[in-house]
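We did not get these values from a lab; they are worked out from the coordinates using the rules stated. Fair warning: this is a prediction, and the values are worked out from it, not measured in the lab. Positions of Cβ are generated from backbone atoms using ideal geometry, with glycine treated the same way; all protein chains shown enter the neighbour counts.
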């Protein structure tokens, strides 16, 4: 009973973290950019959802609007800055960090520093084998699973996906085959931003909306991606999320929360050392 | 922790004597002020340094924090200033960083040459300012509800130059324990953020709880910025607790309470928070916060004539949507009490401020009369227990008063020498 | 993966001219810093030592980023570690001489942790952006540990550190409570750190680091054990941060966990990016000037200052890879040189 409870908790945390990290994983995994602005994009998604909902837009539509809006912001960022620096990983990292700093300030100026909240669309708990599970969180977890599996199918089973992956493996070859590299990168970057906005919108009923909401997931998301490994969208994100989020729950059973967090980070560094290209790659 | 029960409440007669004394001093001061007004008109303004979290993680509390002080200074200036001199606020932004507090406190004192400081928000920020005011011999007026004074943390506390205008745990929690125990049960589950204020608050709460025959069935501390609470909620559910005693701070308080409500647990437990004032409760919204209990020295919704007048002036200055809270009101009281003290002293200096702040009574405080203890620089305050109304629409109908106590004395500070500075 | 080549010309004549200019500029900067207390008093003299120590932090990053081509988002972790070490040593040993020991231990621990983390990762070939993420985590872990181990560190509420005395054994001690006194203790230390580092950078060690930055695989092929050199560079950088942290702690008299946090770590990156990552002097000045401006402007327009700094940061990355120093170098170069 207790074990089942821990297992369910760990699963929920893993999947919600996977959702929050997925946008980052897409951008890093497919085009090699560490999007340090990811946290600010989650925050932007959350605020746009809040603005829409307070103006009477239904929750799901509000989340969709947020995702599209963040994708557009991402498009502008990519077109103006990022696309000129794809071959320089440090520069893209720093530029996206600057984006984070600026966006956080702009959000504070526009929306103010107050805590905001949206109405939870599924406010109750469901019971699984005697364990109470918050309905909304369970729904988000299932959605995250579906989203990541669908994306993986698109990437590995459709011709578009195969083209995109081919592009990443060999840019010259892809160019010779007539693929528009610039456009593909742009689309991938936008897709990652879309996912960030979507995640930002979907986490609003669970978290306080303030200018720092994205920070909560920022570092955890980086670890998910780094531990999961480049290009391992499905398995990497899932295993990374479990190692970073789910295992924290399990450690917290035997130790204090703060200690559990430190253990998890130390463990993540260890994994990075032993498998610098991600847990799923052979040595 | 060395917090042993030193339950030395000042006898009531003491208050009466104090009242008489301050009243007399007040008349004398008024007379001297009138005399000075003409002569001192050309004088330079009195500069006061205000350190508020205007940017950074706790910006959300910065607005009320600075608004309370600004309103009081406006009122002081309209009434003729201090000793006929106008009061000028010099602002320092703490950026919610203790590191920056060190810089700003020094800037205000050494460069702006302010006469005293007010503000800082968290205990860490106050501690950062402690060595600065100690070295420079300036006074800091500190507004936030806090963990009480323990010599170990000198010069952040037990510092003769730091005056506390917010409640400590025995003022904020103890008066309402009996009501909660009688009505909701004796088993407490304590959840707090992982730092000194929640830990010490819980220590005091546990002490009183056990005295009254209750028990603590769980106690957890959560690191800052924790997004998920599944395991804690499960522990609470299985602990058999009646009351959740809540000392989480910042965005974590909102995260926890949202997930607690989403888990459908609101009907099974009574939640009592000593952190979530108007700003946080506004962020929670009516669904999540309804029927929970909160205790503080001040709420916007308390029915006191002082408060009605205070809110009217506040709204006239900052608009109808302004949010006020315990910290902002403490800043308001701090400014007024400093002005009263200096007016009585007849001069502006650290000695004057310290000499006259001790035992000073302020009858116009929005929460009801308050007075400063000369013994340990700690304010005697009212204490209110409120219940969050169902379906509240704004700060004016957010809280419903359950009970209040006026003139609640704090526990004596655990400092090496009391009275402080002697 | 290789980082792109430096923005600075490699011509021998241009290079030696540039070195001379930087040396002259350094002498000028330290001379000005040396006479400032004669011209100003009060706050400026109080706060400058703290900003000079930020300057040391900036130099420690410039060493890694500008010279070795390794970006670190974790410099503040070592700074905080140094600060706490200083406080703990001074608490544990009451004697006035404890401060020296504190500084020494702080620098050593900074170096040791950096060496440990550095070798652990570099030897496995962890590079580039992965290293950034690990250092970012290091920052968070140090902050987290400082918060959670409150019996030792005072937790989130911070720790008080006494202002040190300049002890001369049996001859007595000079109190450094005076702003002047501590100014003239910190300044020579900062100058010494700069001098030694610059001397090393111009020698074989600096050339090897530059070689690693330009093309690590080639250096490996040439027989250099690059992980070792990178580890040494990181250890030196960690020692600098530890030293700066120790002096900062005793100067500010207070340390708290956020000193090791991500926000401070990334602030250092912003200073160095704007000032110029490939010049130690520029980094030093960046730390001092940007921190001063932050202090001054944040009291005038708090929100907009952060915004402005962010935009400046972008400009530096996009258009001026050498930062402000790079711009000066461009202006000073004879026409038609490249």
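The simple Förster model, with R0 at 35 Å and r as the Cβ-Cβ distance, assigns residue C:222 and residue A:162 a FRET efficiency of 0.30.
Of all DSSP bridge pairs formed entirely within the protein assembly as shown, close to 45 percent run antiparallel. A straight line joining the Cα centroids of the stretch B:358-406 and the stretch B:93-153 runs 24 Å.
Can you give the mean number of other chain Cβ atoms that lie within 10 Å of the Cβ atoms in peptide A:242-255?
On the way: counts 0, 0, 0, 2, 0, 0, 3, 4, 1, 0, 6, 2, 0, 0.
Counting other chains' Cβ atoms within 10 Å and averaging over A:242-255 gives 1.
Mean partner shielding of peptide B:287-297, defined as the number of other chain Cβ atoms within 10 Å of each residue Cβ, is 1.
Quick one: angle between helix C:128-148 and the longest Cα principal axis of chain C, in degrees between 0 and 90, rounded to 10, please. In chain C, helix C:128-148 runs at an angle near 10 degrees to the longest axis.
In square nanometres, what is the average projected area of the Cα convex hull of the stretch B:68-109?
Working: hull surface 13.9 nm².
Its average projected convex-hull area is 3.5 nm².
Given N residues in chain C, what is Rg(Cα) / (2.2 N^0.38 Å)? Before the final figure, lay out the partial values.
Working: Rg = 19.8 Å, N = 338, 2.2 N^0.38 = 20.1 Å.
Chain C yields a ratio of 0.98.
Note the angle between two axes, namely the Cα long axis of helix C:12-39 and the longest principal axis of the Cα atoms of chain C, as a number of degrees from 0 to 90, rounded to the nearest 10. That works out to roughly 20 degrees.
May I ask for the Kirkwood hydrodynamic radius of the stretch B:369-413, worked out over all distinct Cα pairs and given in angstroms to one decimal?
Values: mean 1/r = 0.0808 Å⁻¹.
Roughly 12.4 Å, rounded to one decimal.
Return a whole-number percent for the relative contact order of chain A, with Cα pairs under 8 Å and 6 or more residues apart as the contact set. This gives 36 percent for chain A.
Stokes-Einstein diffusion coefficient for the stretch C:69-206 at 37 °C in a medium of 0.692 mPa s, Rh from the Kirkwood formula over Cα pairs: what value in µm²/s?
Values: Rh = 17.2 Å.
Diffusion coefficient, whole number: 191 µm²/s.
Note that the stretch A:16-214 shows a convex hull volume over its alpha carbon atoms of 122 Å³ per residue. Under Stokes-Einstein, with the Kirkwood radius over Cα pairs as Rh, the value for the stretch A:156-205 at 4 °C and 1.567 mPa s is 106 µm²/s.
Ordered by the number of other Cβ atoms lying within 10 Å of each residue's own Cβ, fewest first, A:102, B:51 fall into the sequence A:102, B:51. Using only Cα atoms, locate the centre of the stretch C:190-246 and the centre of the stretch C:116-165, then give the distance between them in Å, rounded to an integer. Spelled out, the Cα-based centre of one part sits 21 Å from the other.
Report, as an integer, the average count of C-beta atoms from other chains found within 10 Å of each Cβ along B:125-131. Can you show the working numbers first?
Values: counts 3, 2, 8, 8, 1, 4, 7.
Averaged over the peptide's residues, the number is 5.
Taking max minus min of the alpha-carbon positions on each principal axis, the stretch C:248-329 gives extents of 39, 28, 21 Å, largest first. Using equal-weight Cα scatterers in the Debye expression, the normalised intensity of the protein assembly as shown in log10 at q = 0.05, 0.07, 0.08 Å⁻¹ is -0.32, -0.63, -0.82.
Relative to the longest principal axis of the Cα atoms of chain C, the long axis of helix C:226-252 makes an angle of roughly 40 degrees.
So for each of C:280-289, A:122-131, A:82-91 I average, over its residues, the number of other beta carbons within 10 Å; can you give me the resulting order with the highest mean first? Can you show the working numbers first?
Numbers: C:280-289: 26.0, A:122-131: 13.6, A:82-91: 17.6.
My ranking of the peptides, most packed first, is C:280-289, A:82-91, A:122-131.
Kirkwood radius for the stretch C:167-309, taken over all pairs of different Cα atoms as the inverse mean of 1/r, rounds to 18.0 Å. Distances between every pair of Cα atoms in chain B, grouped in 10 Å steps from 0 to the bin holding the largest one, split as 5, 23, 33, 26, 11, 3, 0, 0 percent.
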